[in-house]
Each structure stands twice: as structure tokens, then as C-alpha cells.
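Remarks on the structure that follows.
The values are calculated or read from the model by the stated rules, or taken from the named source; none is laboratory data. On a predicted model such as this, the values are computed, not experimentally measured, just so you know. Here Cβ is always computed from backbone atoms with ideal geometry, including for glycine, and neighbour counts include all displayed protein chains.
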């Protein structure tokens, strides 16, 4: 009996030692729910980012990287519980995710409670690196303000009246707030804000209110859409053109860009389109993704890859997984991504990064509308407000 116990103890000790040698990372993301397509891309990109940054070894500092997947189901309570389980039960060193801004906001206090880093990718709401932020939060994903400032460059022209359509939760409301701030001084004016439930499929009633707000205005008239999932561009089927109203929006994933075919010439700004950045990491991503998945990398694939690279570079710089050393290493850290160089701003840990001004081009031989590059908007051009209480 003693021999059996001794063997069991040795096996357990071996397991503990093996785990200590691992770098354990949780990816808590919305594997199921309305943002599933975005989440799937993020995970694929994350794994490719870790692969690229480690030269295919999937280890750093001589320790194997282990990714533990958790499904937040696009539900705030589930995301919070899954992150708690990752830190308490799975003993992860840090976490990445989630997709939904609402889920992310529920997860932020958990990182602070366990004193472990949560690298947010790709949730967008400003509050994540704003009033709800804590020092354990970093974000490679773009913020609502970065989206807004870039889109203000594209559509914020003098004499333009804008009505916004957004989802009625953190992503939509933060997006409109930031867009309104970004438009200040451009001569454009937001004259109406329309919010609809996340799962809306019939846009007839919101469209009627948007049309009424704009139809009698003079000058250029634009409905600007801030939406994740679904197809709010069905509004175009209701013929806003009869009132001289245009539709505008930011970028999106390739399947969603199919709906943009109804909007040739539309201008906006996007986080990523695979033909825009010109650098060796993006070249690798495009070639490898095409080889493995028979399609170009998409919007959230690039974000996931950026997160993976950031984690590896931070671990190398910190020399290990100690949280305080990681924070010190990451504050002000610059790293290369498929989008070019990103830098974690010290004040709020938001990654400063390029955005891309586009104009929609329709090619009958391409399944989606092409967001043709007008110009890259560099990080130093975007005066992104620091929203953390100093």
C-alpha cells in the first residue's frame, strides 16, 4: 500500500512540475452566440500569432505554451465565471479575450481580483480602457475612440448631417459617444441617435425614424452604422436615396462586406483588410492563411495574431510570468503585428495602432465589396483621449 501511495505521490509531483514548466494561457472568447464568426477568427489568429512569434516551437523561455479555451457564450455572467475558473482552477498565468464588449466589462474586475493580466482582444468599448479599466488590463484590439476618430476622417466633412444607428449595449453606445467627440471641429453634426436591440433583424421602424431625422436637412446627409453581427445594411433596401441620404460605416469581416456591394463609393475606416498593410508579418499571415484555410485572413484574424505576438514579446521582455514584471514590461512596449507597429500606451494600456480609410469598390468577380485603401491613418495622427481617471 505504501508503495502505491509513493508512486501516486511521485506521479502527482511530476504533474505539478510539468505544469510549472508550462506557460498557461486562457483564451476566454465567445465560441457560441451571435459573435461566433468573429471569435473563431480571433482564435485562429491567436494560434498563428503564437506560432509566428515562437518560430513554430510554441514555447518561450524554454517553457511550452498551453492554451486553455473557455466559451463565454456571448454572456457577461458566463464570461466572468469562465475567467474565474481559468485563474482559480486552471492556474493560468494570464488570459486573452473576449469578443463582446459586454462580456469584457464583466471580466475586468476578475483580472483585478486575481491580480493577473487580461489582454483584451477584440472587444471595442472605450470603457474597457476607460472608466472601467484597472492596471491588469491591456488591449491589442482597437477602441471605440480609434474607430471613431478614423471614421471621422472619412465622413466628417463640413455641412454633413449624420444620424447614427447602433446596437443598444456598450459597443454601440460607446461607439456613438466616441464618434460624436471625434466629429467635433469637422463641421459635421450628429442630428439623431438611434439604438436598437443587438438581435434586431427588421430595421423598418428604426429606418423610418432615421429618414425623418435627415430628410429635410440641407447639405450632405449620412446614416452612420455601428453594428456587430447581423445585417443592418438592409436599410439600403428601404431606399434612403430618395431623400438624398447616404449610408456609411466602418469595416467588417469578409462575409459582412458582401452587403456593402449595395453601397459602391461608400467611405469609412477599418481596423484591417488583408490587402492594406505592407509588412513581412502580414505577408506571412496572408500566405499561410490562404494555404491552410483556402481564404484570405479576415478582420479578427489579424487581431488575434497581434495578441499572440504581444504575449510572446511580453513574456520574453519580462523574463517570465510574474504579473508585476509583465506589467512593467508591457507598459510602453512596442511590437510588430500584421498591421505594423503597435505600442501599449502607459496611461491606459491601449495599443496605439494604424487604421485604414477606405472607399468601397465593387468587383463582380469578388464575393465581397472591396474596401479600397484611400490612405493609412497613422497612430500619431489620432489623438485618442485618455479616459482613465488619473
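Just a few scattered comments:
- The single condition among (1) closer than 23 Å to residue 369 by Cα; (2) under 20 Å from the mean Cα position of the chain (by Cα); (3) at pLDDT 95 or above that residue 222 does not satisfy is (2).
- Across the stretch 220-232, a minimum of one residue is classified as farther than 24 Å from residue 170 by Cα and either assigned to a strand (DSSP E or B) or outside the structural domain of residue 161 (by TED's automatic domain parsing) (or both).
- Of the residues making up the stretch 255-271, those that are more than 13 Å from residue 155 (Cα to Cα) and surrounded by fewer than 20 Cβ atoms within 10 Å (Cβ to Cβ) are 255, 258, 259, 261, 262, 263, 264.
- The set of residues in the stretch 182-199 that are part of a helix (DSSP H, G or I) and without any contact (Cβ under 8 Å) to a residue 24 or more places away in the chain is empty.
- Strands (runs of 3 or more DSSP E) within the stretch 270-362 that include 3 or more residues in contact (Cβ under 8 Å) with a residue 60 or more places away in the chain: 340-344, 355-361
- Qualifying residue in the stretch 82-91 (condition: within 26 Å of residue 255 (Cα to Cα) and buried (at least 24 other Cβ atoms within 10 Å of the Cβ)): no
- Every condition in (1) assigned by TED's automatic domain parsing to the domain that holds residue 213; (2) modelled with pLDDT of 95 or more holds for residue 258 except the one numbered (2).
- Residue check for residue 202: more than 25 Å from the chain's Cα centre (by Cα), part of a loop (DSSP other than H, G, I, E, B) and free of Cβ contacts under 8 Å to residues at least 40 places away in the same chain: yes
- Flag for residue 222 being touching a strand residue (DSSP E or B) at 6+ places or on another chain (Cβ under 7 Å) and either in contact (Cβ under 8 Å) with a residue 40 or more places away in the chain or farther than 18 Å from residue 249 by Cα (or both): yes
- Odd one out for residue 207 among (1) in contact with a strand residue (DSSP E or B) (Cβ under 7 Å, 6 or more places away or on another chain); (2) free of Cβ contacts under 8 Å to residues at least 60 places away in the same chain; (3) surrounded by 16 or more Cβ atoms within 10 Å (Cβ to Cβ); (4) farther than 30 Å from residue 297 by Cα: (1)
- Check on residue 248, modelled with pLDDT under 95, surrounded by fewer than 22 Cβ atoms within 10 Å (Cβ to Cβ), part of a strand (DSSP E or B) and under 21 Å from the mean Cα position of the chain (by Cα): yes
- Checking residue 199 against (1) within 25 Å of residue 221 (Cα to Cα); (2) out of contact with any helix residue (DSSP H, G or I) (no Cβ under 8 Å at 6 or more places or on another chain); (3) modelled with pLDDT under 95, the condition it does not meet: (1)
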